[in-house]
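Engineer: Below is one structure. I have some questions about it.
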Amino acid sequence: MTDVLILGGTGWLGGRVATAWLDAGASVTCLARGGRDAPYGARLVRADRTAPGAYDEVRTRDWDEVVDVSSRAAHVAAAADALRETARHFTYVSSVSVYARDDEPGADEHAALADPVDPADPGADGDYAGQKSAAEDAVRAAFGRRGAIVRPGLIVGPGDPTDRFGYWPARFALAGAEPVLVPDEPDARVQVIDVDDLAAFIVAIGRAGFTGAVNTMGDSVPLGEVLRLAREASGHTGDLAVASPEALQDHGVGYWAGPRSLPLWLPAEATGFATRSNATYRLLGGALRPLDETIARTLDDERSQGLDRARAAGLTRGEEIELIAALRV
């Protein structure tokens with residue numbers, strides 16, 4: 001039986017990866033603080049990755065595969081050092097945010113990376129790209145040709161805690177026959193991957209012992225196409241209240257994520273962020289389910305949580321209605 005250690009494994013992506021490995025017949029152990037349960041069938045080892053000896057319970061056992069999803073370079077470096085002698089293969093989940101530039105359409109895995117932070121520097125906690133870059137360096141140094149690095153784009157689907165992708169099908173469904181505010185950005189692009197497609201790929205490359213880095217995301221599609229599919233899935237019959245980027249910014253509406261934003265909308269100069277090459281992912285057999293299927297799955301999840309719930313990203317419906325009225329004056 002394949003022995004797999006998931007560093008994390010109780011959160012969204014980590015839990016999906018643990019479940020995918022369990023479905024593949026593996027024996028799965030999750031190392032986490034224990035604030036949430038491990039997936040059914042997995043063993044949970046409680047440990048604080050900031051504490052000395054965090055890996056003592058797992059470092060003396062041989063592992064066929066280790067998967068780490070942390071965004072803290074210090075965590076990844078410590079794990080790589082502790083497990084380098086006992087792990088046959090190590091997969092690190094990085095991000096396309098690790099790249100130094102977002103203005104190169106079609107860039108592949110050879111594009112320059114952000115400058116790595118010093119993992120020991122507490123002042124670098126807010127540098128997401130630098131943390132991912134340093135974590136990748138640690139994995140390469142410890143595992144060499146036994147290490148794989150996956151760089152997802154925007155991960156979407158049921159259970160997404162960021163609330164970005166789900167905002168649109170949920171908002172169209174909530175609005176019904178009323179208007180929905182959208183950005184007037186015809187050239188805007190979106191590039192996503194369904195969480196379960198990503199989890200399946202992580203299992204596949206772990207089983208194959210893949211070495212190297214791979215961008216893991218779907219094809220680049222216009223934001224307008226995502227909105228069309230989300231609107232269609234929700235049955236929205238209201239108008240689209242289209243606003244220019246300048247007008248939205250003047251009224252304090254932000255890009256991409258977070259409160260009072262229009263999620264997935266990117267600045268015009270970020271021409272490379274949602275247009276990266278996924279050729280290697282496809283060459284390796286990475287699956288990409290139809291976008292409308294992911295939207296339908298996401299909408300079902302949004303309905304189960306409540307369409308009018310408080311969200312981590314987007315406008316509240318009240319904010320949106322006020323903005324539509326103000327922008328039409």
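The values are calculated or read from the model by the stated rules, or taken from the named source; none is laboratory data. Just so you know, these numbers come straight off a predicted model, no measurement behind them. Neighbour counts are summed over all protein chains in view; Cβ atoms, including those assigned to glycine, are modelled from backbone coordinates with ideal geometry. Protein only, heavy atoms only, side chains kept; ligands, DNA and RNA dropped before computing areas. Shrake-Rupley method; radii C 1.70, N 1.55, O 1.52, S 1.80 Å.
Engineer: Is at least one residue of the range 4-23 over 22 Å from the mean Cα position of the chain (by Cα) and surrounded by fewer than 23 Cβ atoms within 10 Å (Cβ to Cβ)?
Structural biologist: Scanning the range 4-23, I find no residue that is over 22 Å from the mean Cα position of the chain (by Cα) and surrounded by fewer than 23 Cβ atoms within 10 Å (Cβ to Cβ), so the answer is no.
Engineer: If R101 meets every condition in (1) basic (K, R); (2) in a helix (DSSP H, G or I); (3) open to solvent by 50 Å² or more (accessible area, probe 1.4 Å) apart from one, which number is that one?
Structural biologist: Single failed check for R101: (2).
Engineer: One residue is enough: does the range 269-280 have a residue meeting the conditions farther than 24 Å from E185 by Cα, within 17 Å of the chain's Cα centre (by Cα) and outside any loop (DSSP other than H, G, I, E, B)?
Structural biologist: Within the range 269-280, none of the residues are farther than 24 Å from E185 by Cα, within 17 Å of the chain's Cα centre (by Cα) and outside any loop (DSSP other than H, G, I, E, B).
Engineer: Consider the range 307-326. How many of its residues are farther than 23 Å from D239 by Cα and either assigned to a helix (DSSP H, G or I) or without any contact (Cβ under 8 Å) to a residue 40 or more places away in the chain (or both)?
Structural biologist: Counting residues in the range 307-326 that are farther than 23 Å from D239 by Cα and either assigned to a helix (DSSP H, G or I) or without any contact (Cβ under 8 Å) to a residue 40 or more places away in the chain (or both) gives 1.
Engineer: Next question. If you check every pair at least six apart or on different chains, which have Cβ atoms under 8 Å apart with a residue in the range 278-306 that is without any contact (Cβ under 8 Å) to a residue 24 or more places away in the chain first and a residue that is of a type in the set (A, V, I, L, M) second?
Structural biologist: If the second residue must be of a type in the set (A, V, I, L, M), the pairs left are R282/L288.
Engineer: Oh, and also: Please specify each residue of the range 4-43 satisfying the condition of being among the β-branched types (V, I, T) and either in contact with a Phe, Trp or Tyr (Cβ under 7 Å, 6 or more places away or on another chain) or under 17 Å from H75 (Cα atoms) (or both).
Structural biologist: Residues satisfying the conditions are V4, I6, T10, V28.
To keep it simple, each residue is scored yes or no on (1) more than 15 Å from T316 (Cα to Cα); (2) at pLDDT 95 or above; (3) open to solvent by less than 10 Å² (accessible area, probe 1.4 Å).
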| site | (1), (2), (3) |
| --- | --- |
| F172 | no, yes, yes |
| A177 | yes, yes, no |
| V180 | no, yes, yes |
| Q191 | yes, yes, no |
| D194 | yes, yes, yes |
| I202 | yes, yes, yes |
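Engineer: Restricting to the range 64-95, name every residue that is hydroxyl-bearing (S, T, Y) and surrounded by fewer than 18 Cβ atoms within 10 Å (Cβ to Cβ).
Structural biologist: Matches in the range 64-95: S71, T86.
Engineer: Could you please give the count of residues in the range 77-94 that are assigned to a strand (DSSP E or B) and among the small types (G, A, S)?
Structural biologist: Of the residues in the range 77-94, 1 are assigned to a strand (DSSP E or B) and among the small types (G, A, S).
Engineer: Something else about it: Return the residues of the range 155-170 that are assigned to a strand (DSSP E or B) and open to solvent by 10 Å² or more (accessible area, probe 1.4 Å); say none if nothing qualifies.
Structural biologist: I155
Engineer: With the requirement that a residue be at pLDDT below 95 and either in a helix (DSSP H, G or I) or within 19 Å of T211 (Cα to Cα) (or both), what does the range 104-127 give you?
Structural biologist: Answer for the range 104-127, where residues must be at pLDDT below 95 and either in a helix (DSSP H, G or I) or within 19 Å of T211 (Cα to Cα) (or both): P122, G123, A124.
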